[in-house]
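Enquirer: Structure below; questions to follow.
The values are calculated or read from the model by the stated rules, or taken from the named source; none is laboratory data. What you are looking at is a predicted structure, and each value in this text was computed from that prediction instead of being measured. Reconstructed Cβ throughout: ideal geometry from the backbone, glycine too, with neighbour counts over all protein chains shown. The area values use the complete protein model at the heavy-atom level, side chains included, leaving out ligands, DNA and RNA. Shrake-Rupley method; radii C 1.70, N 1.55, O 1.52, S 1.80 Å.
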Amino acid sequence: MSNNMNENAVNVDRLQGHMGIGTLVMSVLAFSGPLLTTSGFIPIYYPYLGSGVPMMFILVTLILVFFATGFAKMGTVMERPGGFYAYVTVGLGRNMGLTAAFLAVAGYISIALFAPPLIAIYAQNVIENILHGPHISWYIIAMISVLFSTFFAYRKIDLSAAVLFYVMIFESLAVFIFDAVCFIHGYSANGGLVMFNAPSIAASGFGVVLLFVIGNFYGFEATVIYREECKDPKRTIPRATFAAVIGIGLFYFLASWAFLAFYGADKIGNVMTQNAATTFMDILGLLSKGFADFISVVVITSCFASMLSIHNVAARYLYSLGKDQVLPSFLGKVHHNHHSPYAAATTVGVVWAITLTIFLFTGKDPTYLYCIFAGTGEFLITMIVFMASLAVIGYFRKNKQFNFSAWETIIAPTLATIGLGFILVMAVLNFDALTGAPGLVSVIFFGAIMLLTVGSYVYAMYLQKVKPVIHGRIGRQDFVDG
């Protein structure tokens, strides 16, 4: 009786769930939206890099496998929740950890803002052109998507995980059908299987495609943010991390190769330059126009699944900051029935609603919103992944008591840091292409990121000097396993 009471007392204010490897991997895959990425993003890479696109997915997979090698090993001995916030804290110190946390919150809240306007654009197309219904304002559809996402994120993670699991099964099946159509039709049309080439680093589009491709992998880091809500996290998280990175890489490698196989290396650049937005549906139309129309509807669920996945991650970063009281403590509240970060999840939804409302009054097209915020969020997440890679090296340098191999603690993390550092440099050099907002707007957004970075570090220094007790909590120091 006493042991049970103690266990309940410990767990009453913790997040709880029963996520296994399968649901965790599918939640990660949902982040990138496999159907959305295949239909809307991969086609635009070809005008930049031609037949070198498939190998870009292999290159990024290798970099992230190097990262996952040290990252997963560190997770077996560093058992705090909090995602990159906790990892950067123990590896690089509390000030850098808090900086990473603020960048993560801003990054995830920003990157998800691609979804509501894009859902609206796809929904308008389905309602008006397929169902022949009335025109509905993009703002109304976008706000409905925010409400639904907040509803699911408010509740226990197992509900979101179940929804994402089945949506991802269906989406993945649709992409595999697309792959099959491409290879079957392309083989006969092109006189054999079209092969891909290694991309040239000297190509003018190399840096831009590299940035977009690594963005298709983001979400893999969410495996550690759900630590409190996983079954057997010491086993589940490392396996899910590797499965997510390798699985995403192979999945998109095959999809990008499918486009190449269908059109051929000589034609694909010109075709995609002129028709990138319609090629996916055009190819599926060869199978059945009705099936292509049905997939047009499913793309909407792909956008929503991505939005919900990001919503859950952003909420858990805010929750950790609330638990540590570096942000208002109400953000760290746990729902007594759902065992979810309901206050943080609601806050994310409110921020999105306010942002969409402000954007509505600018009068700009919704496509402008999803490009600029998705690019900004991707840049921020690239920064924190790079910081986490440095943190892995720093952690094992300070903790040499573990009997791990040099490959796991030094070599692989160093290779990952070099690769991620190169990607981050490319992101800086191509920031306007990443956001789709060249000129003054791009400068303003980049300046805001730098201001947030410096301001977060200064705030951490302020806490260290003026509020040392709160500074000591940074990085989920409150958490005691078991």
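Enquirer: Here are some pairs, LYS156/LYS323; LYS234/LYS400; LYS289/LYS364; which of them have Cα atoms lying more than 30 Å apart in this structure?
Expert: Going by Cα-Cα distance, LYS289/LYS364 fall outside the 30 Å limit.
Enquirer: What are the semi-axes of the equivalent ellipsoid of segment 1-140, taken as the square roots of 5 times the eigenvalues of the Cα gyration tensor, listed largest first and rounded to whole Å?
Expert: So the equivalent ellipsoid measures 37, 25, 16 Å along its semi-axes.
Enquirer: Turning to a different aspect of this structure: Could you work out the relative contact order of segment 1-157? I mean the mean sequence separation of Cα pairs under 8 Å and 6+ apart, divided by the number of residues, in percent.
Expert: Taking the mean separation of contacting Cα pairs over the length of segment 1-157, I get 16 percent.
Enquirer: Tell me the Kirkwood radius of segment 368-482: reciprocal of the mean inverse pair distance over distinct alpha-carbon atoms, in Å.
Expert: 16.8
Enquirer: Where does each of 223-231, 56-64, 167-175 land if you order them by average Cβ count within 10 Å, highest first?
Expert: Result, highest mean first: 223-231, 56-64, 167-175.
Enquirer: Segment 421-482: D in µm²/s via Stokes-Einstein (Kirkwood Rh, Cα pairs, 37 °C, 0.692 mPa s)?
Expert: On the way: Rh = 14.4 Å.
In µm²/s, the coefficient rounds to 228.
Enquirer: Tell me the angle of helix 366-398 to the major Cα principal axis of the chain, expressed in degrees between 0 and 90 and rounded to the nearest ten.
Expert: 50
Enquirer: Going by average Cβ neighbours within 10 Å, how do the peptides 35-45, 330-340 rank, with the highest at the top?
Expert: Packing proxy ranking, top to bottom: 35-45, 330-340.
Enquirer: At q = 0.06, 0.07 Å⁻¹, what is the log10 ratio I(q)/I(0) for the chain, with the Debye formula run over Cα points and no solvent?
Expert: Values returned for q = 0.06, 0.07 Å⁻¹ are -0.26, -0.35.
Enquirer: Sticking with this one: What would the Debye formula give as log10 I(q)/I(0) at q = 0.13, 0.16, 0.21 Å⁻¹ for the alpha-carbon point model of segment 113-166, no solvent?
Expert: Computed log10 I(q)/I(0) values: -0.40, -0.57, -0.80.
Enquirer: Amide H of CYS230: which non-local residues (sequence gap of 5 or more, or other chain) have their own amide H closer than 5 Å, using H built in the peptide plane?
Expert: MET19
Enquirer: I'd like the per residue volume of the convex hull spanned by the Cα atoms of segment 267-404, given in cubic angstrom.
Expert: Hull volume over Cα atoms, normalised by residue count, gives 257 Å³.
Enquirer: A further question on this structure: Would you list ILE248, ILE184 from the most to the least accessible area, probe 1.4 Å?
Expert: ILE184, ILE248
Enquirer: For segment 206-272, what percent of Cα pairs sit more than 14 Å apart?
Expert: Taking all Cα-Cα pairs of segment 206-272, the fraction more than 14 Å apart is 68 percent.
Enquirer: Then there's this: Can you tell me the 0 to 90 degree angle between the C-alpha axis of helix 233-263 and the longest principal axis of the chain, rounded to 10?
Expert: On a 0 to 90 degree scale, this one is about 20.
Enquirer: Mind checking the log10 I(q)/I(0) for segment 217-318 at q = 0.10, 0.15, 0.18 Å⁻¹? Debye, one equal scatterer per Cα, no solvent, two decimals.
Expert: Log10 of I(q)/I(0), two decimals: -0.45, -0.84, -1.00.
Enquirer: Now a separate question. Could you pull the Cα extents of segment 349-403 along its three principal axes, largest to smallest, in whole Å?
Expert: Between the extreme Cα coordinates on each principal axis of segment 349-403 lie 58, 21, 13 Å.
Enquirer: Against the longest alpha carbon principal axis of the chain, how many degrees, from 0 to 90 and to the nearest 10, is the axis of helix 115-125 turned?
Expert: Relative to the chain, helix 115-125 is tipped by roughly 30 degrees.
Enquirer: Could I ask something else about it? Please list 3J(HN,Hα) in residue order for segment 410-415, calculated via the Karplus relation 6.51 cos²θ - 1.76 cosθ + 1.60 where θ = phi - 60°; whole Hz, with x for glycine and proline.
Expert: 10, 5, 4, x, 5, 4
Enquirer: Restricting to Cα pairs below 8 Å that are 6+ residues apart, what does the relative contact order work out to for segment 322-388? Please round to a whole percent. Don't skip to the end; give the middle numbers.
Expert: Working: 30 pairs, mean separation 9.0, N = 67.
Here the relative contact order equals 13 percent.
Enquirer: Could you work out the relative contact order of the chain? I mean the mean sequence separation of Cα pairs under 8 Å and 6+ apart, divided by the number of residues, in percent. Write down the numbers at each step before the final one.
Expert: Details: 778 pairs, mean separation 166.0, N = 482.
So the answer I get is 34 percent.
Enquirer: A further question follows. Go ahead and estimate [θ] at 222 nm for the chain from helices alone: -39,500 (n - 2.57) per DSSP H run with n ≥ 4, summed, over the residue count, rounded to 500.
Expert: The per-residue figure over the chain is -24000 deg cm²/dmol.
Enquirer: Could I ask something else about it? Please work out whether segment 66-115 counts as rounded, prolate or oblate from its C-alpha gyration tensor, where a ≥ b ≥ c are the square roots of the eigenvalues and a/c under 1.5 means rounded, while otherwise a/b larger than b/c means prolate and anything else oblate? Don't jump to the answer; show the numbers that get you there.
Expert: Numbers: a/c = 2.56, a/b = 1.53, b/c = 1.67.
Oblate, because a/c is 1.5 or more while a/b does not exceed b/c.
Enquirer: Among the aspartates and glutamates, which have Cα under 15 Å from the Cα of LYS333 when same-chain residues fewer than 8 positions away are ignored?
Expert: Within reach: ASP13, GLU228, ASP324, ASP478.
Enquirer: Moving on. Roll a 1.4 Å probe over the protein heavy atoms and report the accessible area of HIS471 in Å², nearest 10.
Expert: So the heavy atoms of HIS471 present about 20 Å² to solvent.
Enquirer: Also, quick follow-up: Probe radius 1.4 Å, ligands and nucleic acids left out: which of ASP266, ASP232, ASP179 has the largest accessible area, and how do the rest follow? Present the calculation step by step, with values, prior to reporting the outcome.
Expert: On the way: ASP266 145, ASP232 80, ASP179 5 Å².
Heavy-atom accessible area, descending, gives ASP266, ASP232, ASP179.
Enquirer: Need one number: convex hull volume per residue for segment 147-213, Cα atoms only, in Å³.
Expert: Taking only Cα atoms, segment 147-213 has a hull volume of 166 Å³ per residue.
Enquirer: Among 285-292, 145-152, 25-32, 267-274, what's the highest-first ranking by average C-beta atoms within 10 angstrom per residue?
Expert: 25-32, 145-152, 267-274, 285-292
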